[in-house]
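I have placed the structure first, in the form of structure tokens, so that the comments after it can refer back to it.
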Amino acid sequence: PTVREALARLRDDDLVESRKGSGSWVKRQPHRAVLRYAPVTSIGDLQRLLEFRAAVEPKGAALAADRRTLAQLEAIDRAIGELERQTRAGLVATEADMDLHERIAEASGNHYFAATLALLREQMSFGINLVRSLSLRRPPAWRERVMGEHRSIVEAIRARDPAAAELAMLKHVQNTRTRMFEGEIVEDEEERR
């Protein structure tokens, strides 16, 4: 019933046609703008985006650790190098941050990871820009902690350790959420004192 309903909607939109005895055929593809995700318009949208990223990006990082080529690792190294350079220079570095995440998605060997990040680029850039802009008001240790999270992801990918890459990416996305909505990340009991 679900497939029939989906096909009926596609027929209503004149995207597919049914041919007796041979099934449904694509007549035309929708415009790319239809595939764009809704813009971030609220704090709830940012929270949902981070939930989505926490579900998707860690698996992409794990696959990147398992499947990355030398050329892809070099692209990841260039991306993290640029992110570090811009961060040290006190820049927001939103594009450099996005570039690193996109290089990791490409290294997954599954084009759906890269395509998903490309579709979410505007929304992710908004969230990254917000968090990174707020971090410029914090002590340098704050920004260094974020760079450390990125380095952990890259090192796990370099070491071909899928479990460590997945965990490092999950921790990074979860910490991004915490930094955005709760403030400082406390790593251990000594930092609490």
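The values are calculated or read from the model by the stated rules, or taken from the named source; none is laboratory data. Keep in mind that this is a model prediction, so the values were computed, not measured. Backbone-built Cβ (ideal geometry, glycine too); neighbour counts: all protein chains shown. For the accessible areas, the whole protein counts, side chains as well, though only heavy atoms, and no ligand, DNA or RNA atoms are used. Shrake-Rupley method; radii C 1.70, N 1.55, O 1.52, S 1.80 Å.
Cβ-Cβ distances below 8 Å connect the following pairs, each with a first residue in the stretch 79-92 that is within 23 Å of ALA107 (Cα to Cα) and at pLDDT 95 or above, a second residue that is surrounded by 13 or more Cβ atoms within 10 Å (Cβ to Cβ) and basic (Lys, Arg), and a separation of six or more residues or different chains: ALA79/ARG103; ILE80/ARG151. Taking GLU144, is it free of Cβ contacts under 8 Å to residues at least 24 places away in the same chain and acidic (Asp, Glu)? Yes. Listed by position, the helices (runs of 4 or more DSSP H) contained in the stretch 58-177 that have at least 2 residues being of a type in the set (D, E, K, R) are 70-88, 94-107, 121-135, 140-158.
So in the stretch 70-106, with the set limited to residues that are more than 15 Å from ALA165 (Cβ to Cβ) and of a type in the set (S, T, N, Q), which one is surrounded by the most Cβ atoms within 10 Å (Cβ to Cβ)? My answer is THR87.
Please identify the pairs in which a residue from the stretch 51-63 that is closer than 14 Å to MET124 by Cβ has its Cβ atom under 7 Å from the Cβ atom of a residue that is aliphatic (A, V, I, L, M) and part of a helix (DSSP H, G or I), counting only partners at least 6 apart or on another chain. Pairs that qualify, where the first residue is closer than 14 Å to MET124 by Cβ and the partner is aliphatic (A, V, I, L, M) and part of a helix (DSSP H, G or I), are ARG53/VAL173; ALA54/LEU170; ALA54/VAL173; GLU57/MET169; GLU57/VAL173; GLY60/ILE104; GLY60/ALA105. Scanning the stretch 23-55 for residues that are modelled with pLDDT of 75 or more, open to solvent by 60 Å² or more (accessible area, probe 1.4 Å) and farther than 30 Å from GLU182 by Cα returns TRP25, VAL26, LYS27. Kindly indicate the residue of the stretch 95-148 that is more than 12 Å from the chain's Cα centre (by Cα) and β-branched (Val, Ile, Thr) and also farthest from HIS172 (Cα to Cα) among those meeting that condition. In this case the residue turns out to be VAL131.
Only residues that are more than 19 Å from ILE153 (Cβ to Cβ) and open to solvent by less than 30 Å² (accessible area, probe 1.4 Å) were counted across the stretch 108-123, and they come to 1.
Yes or no: the stretch 128-138 includes at least one residue that is within 14 Å of ARG53 (Cβ to Cβ) and either open to solvent by less than 20 Å² (accessible area, probe 1.4 Å) or without any contact (Cβ under 8 Å) to a residue 12 or more places away in the chain (or both). Yes. Quick one: is ALA141 more than 22 Å from LEU49 (Cβ to Cβ), small (Gly, Ala, Ser) and at pLDDT 85 or above? No, not satisfied. Which ones in the stretch 12-22 are modelled with pLDDT under 80 and open to solvent by less than 100 Å² (accessible area, probe 1.4 Å)? Of everything in the stretch 12-22, those that are modelled with pLDDT under 80 and open to solvent by less than 100 Å² (accessible area, probe 1.4 Å) turn out to be ASP13, ASP14, LEU15, VAL16.
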